[in-house]
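The values are calculated or read from the model by the stated rules, or taken from the named source; none is laboratory data. The shown structure was predicted, so the numbers you read here are calculated from the model rather than taken from an experiment. Ideal geometry is used to build each Cβ from the backbone, glycine not excepted, and the neighbour counts take in all protein chains shown. Surface accessibility is based on the protein's heavy atoms, side chains included, excluding ligands, DNA and RNA. Shrake-Rupley method; radii C 1.70, N 1.55, O 1.52, S 1.80 Å.
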Amino acid sequence: MAPRQLTFDLFNDPLGTFSPGIAAAIETLAAQGDIEARGAIFTRLEVVEFILDLVGYSVDQPLYRRRILEPSFGSGDFLLPVVRRLLATWRAAKSPSSIVDTLGNAIRAVELHRQTFKTTRVELIDQLKQDGVTTQAALALADRWLVQGDFLLMAFDGSFDFVVGNPPYVRQERIPTPLLTEYRNRYPTMFDRADLYIPFIERSLHLLSPNGSLGFICADRWMKNRYGGPLRNLVAEAFHLKMYVDMVDTPAFHSDVMTYPAITVISREKAGVTRTAHRPNIDRATLVALAQELRSKSRPTEGNTVRQLANVVNGNEPWLLESLDQTALIRRLELSYPTLEAAACKVGIGVATGADKYFIGEFEALDVEPDRKLPLVTTRDIISGEVNWRGQGVINPFNDKGNLVDLQDYPRLRRYLELRKDVIASRHCAKKNPANWYRTIDRIIPALTQTPKLLIPDIKGEAHIVFEHGEFYPHHNLYYVTSEAWDLRALQAVLLSSIARLFIATYSTKMRGGYLRFQAQYLRRIRIPYWNDVPAALRQELIEAAKDRNLEASNQAAFKLYSLSQEEQSALGGNEA
């Protein structure tokens with residue numbers, strides 16, 4: 001069957017030619033009505049105006065000679081203010097040419113969802129007419145400016161001086177497989193578990209003209225986590241991270257979001273220093289003043305709300321956007337000490353089954369052979385800071401060597417699983433290998449049950465490190481640390497300290513409310529000395545602090561462990577403007 005040419009391929013570029021599978025996937029996304037599936041989050045006007053100010057799309061510039069792109073215009077949160085600014089500069093210039101000839105090339109705005117496209121197009125035409133543009137010219141401008149289609153697959157006639165917007169936040173699971181494959185083929189930054197906004201940023205950066213600027217508000221996950229590595233590397237190679245504004249716990253959107261939003265301004269120019277600001281008040285006067293500070297040619301002074309950081313961008317490494325003194329401390333510790341795992345500590349995560357309702361239950365009531373179940377510890381068991389087991393257990397289909405047991409050898413286990421086979425065998429991991437339909441997603445290692453370990457919940461405002469003597473298997477909402485060298489009680493004190501929290505806060509993504517992600521990839525960033533290098537008296541001090549669950553004592557012992565100066569200790573006192 002011949003490939004289908006889609007109607008939104010305005011510039012007759014081969015990019016617009018797709019297989020029937022991809023065309024059908026695009027049509028599905030264009031027609032769906034679920035706002036969540038489309039990743040549509042609507043931005044408040046004050047924030048939109050702020051971003052336009054930051055990138056320099058302001059009425060004191062000849063905007064009618066510039067080009068601006070919005071990759072996903074949605075309900076027009078960015079598009080309509082852009083048009084108002086553009087018309088203001090056009091009128092001030094008193095151009096003798098027609099408005100369509102002068103402004104027809106000034107805007108390109110893309111929207112995939114068909115009904116949203118139609119609704120916003122009507123709003124745009126109404127706004128133009130209210131601003132004195134004739135109906136004929138308004139229709140012509142709307143046709144020139146607006147494009148309905150997939151931004152990641154369409155062609156464009158040239159580059160842009162500005163790219164602004166709030167790219168769609170869509171997880172890979174919601175993208176049809178043929179389309180996801182096509183995105184991966186086209187965009188190297190579509191790496192690992194990258195969400196859809198990642199290739200949106202990549203494509204937008206490549207569409208910038210020399211000295212052009214991109215201003216986006218979106219989740220900050222990519223700035224620190226694994227899947228953002230290729231995009232961070234792209235920025236490091238060819239762009240300048242000019243500004244970063246932390247928007248956590250601010251009403252930046254018309255609805256609440258659980259992710260940690262930030263505004264980034266990235267330009268196609270030689271790399272340099274980065275200006276940062278944190279959690280501004282969302283009112284126009286405050287944001288106008290802040291934009292002036294961020295764009296000022298003068299270096300920020302001590303006590304200013306704006307900070308200036310050097311060397312934020314470093315290949316694919318996570319971006320360190322904290323204060324200068326905290327960043328300096330992190331860098332010193334990284335140069336002086338090995339990583340947690342290099343110091344003979346192992347970081348892991350508990351078991352994911354894919355069907356907890358059937359693999360997990362009351363330990364005594366699980367009707368399988370005694371050696372086919374393990375006592376399970378969950379986040380609810382360690383809320384108090386100690387393990388208070390509620391009696392849960394997990395079915396273990398693996399032997400001590402890590403292989404699946406033969407169900408013929410375990411009649412009770414076989415009967416238990418086969419009664420629930422319809423659900424268990426329908427899991428993705430089971431469909432991939434039908435012969436192993438009864439395995440859990442993660443391999444269970446029975447010896448871990450008897451291994452002493454530190455248990456760490458994923459999402460917490462502060463470190464919650466719990467010592468477990470070696471009686472339980474961890475659930476998948478818990479990370480764990482074991483060690484063949486370090487005394488786990490001493491390590492518990494280090495991980496409870498503000499030094500460990502600084503590592504997590506620096507490298508992890510934050511959630512709404514200031515919660516941190518204590519995930520394995522961030523825990524592995526923590527630096528500690530080798531156990532053999534820790535003096536005997538300090539070892540005992542760390543152990544006693546952990547046993548007493550004394551955070552202040554843990555801090556004081558950790559300060560000695562890392563030989564922190566008074567200034568470095570002060571940096572840990574909270575530098576979160």
If you average the alpha carbon positions of the stretch 184-255 and of the stretch 372-408, how far apart do those two centres end up, in angstrom? 40 Å
For a bin width of 5 Å, list the pair-distance distribution of the stretch 284-396 built from all Cα-Cα distances, rounded to whole %. 2, 8, 11, 11, 9, 8, 8, 8, 10, 9, 7, 4, 3, 1, 0
Going through K432/K453; K224/K346; K401/K432; K401/K453; K224/K432; K224/K560 one by one, the pairs whose alpha carbons sit over 25 Å apart turn out to be K432/K453; K224/K432; K224/K560
Quick one: plug the Kirkwood hydrodynamic radius of the stretch 33-164 (C-alpha pairs) into Stokes-Einstein at 25 °C, 0.890 mPa s, and report D in µm²/s. 163 µm²/s
Under 18 Å from a point 7 Å along the Cα-to-Cβ line of V288: which residues of the stretch 49-86 have their amide N that close? 49-61, 81-82, 84-86
Determine the dipole magnitude for the stretch 391-460: charges of +1 sit on the beta-carbon of Lys and Arg, -1 on that of Asp and Glu, nothing else is charged, the reference point is the Cα centre, and the result goes in debye to the nearest 20. 160 debye
Compute the long axis of helix 498-507 from its Cα atoms, compare it with the longest principal axis of the Cα atoms of the chain, and write down the angle in degrees, 0 to 90, nearest 10. 40 degrees
Distance in nm between N211 and A238 label points, each 7 Å along Cα→Cβ, equals 2.0 nm
Among bridges DSSP assigns within the chain, what percent are antiparallel (round to 5)? 70 percent
State the extension gain, in nm to one decimal, for the chain segment bounded by K547 and R380, taking 0.36 nm per residue of separation less the distance between their alpha-carbons. 58.1 nm
Ignoring ligands and nucleic acids, what accessible area does T116 show with a 1.4 Å probe (Å², nearest 10)? 30 Å²
Of every Cα-Cα pair in the chain, the percent that sits beyond 30 Å: 60 percent
Projecting the Cα atoms of V313, A277, T301 onto the charge dipole of the stretch 269-366, where Lys and Arg contribute +1 and Asp and Glu -1 at Cβ, the residue farthest towards the positive end is T301
Relative contact order, percent, the chain [alpha-carbon distance under 8 Å, six or more residues apart]: 12 percent
Which of L407, T327, G149, positive extreme of dipole for the chain (C-beta unit charges): G149
State to the nearest 20 debye the size of the charge dipole of the chain about its Cα centre, where the only charges are +1 on K and R beta carbons and -1 on D and E beta carbons. 920 debye
Alpha-carbon Rg with Dmax, taken over the stretch 252-348, Å: 17.3, 53
Per Stokes-Einstein, at 20 °C and 1.002 mPa s, what whole-number D in µm² s⁻¹ belongs to the stretch 399-501, with the Kirkwood radius over Cα pairs as the hydrodynamic radius? 132 µm²/s
The stretch 315-418: relative contact order in percent, alpha carbon pairs under 8 Å with at least 6 residues between: 21 percent
What is the Cα centroid distance between the stretch 103-147 and the stretch 523-577, reported in whole angstrom? 60 Å
Any idea which of H464, A500, L488 is furthest toward the positive side of the dipole for the stretch 390-500, if Lys and Arg beta-carbons carry +1 and Asp and Glu beta-carbons -1? H464
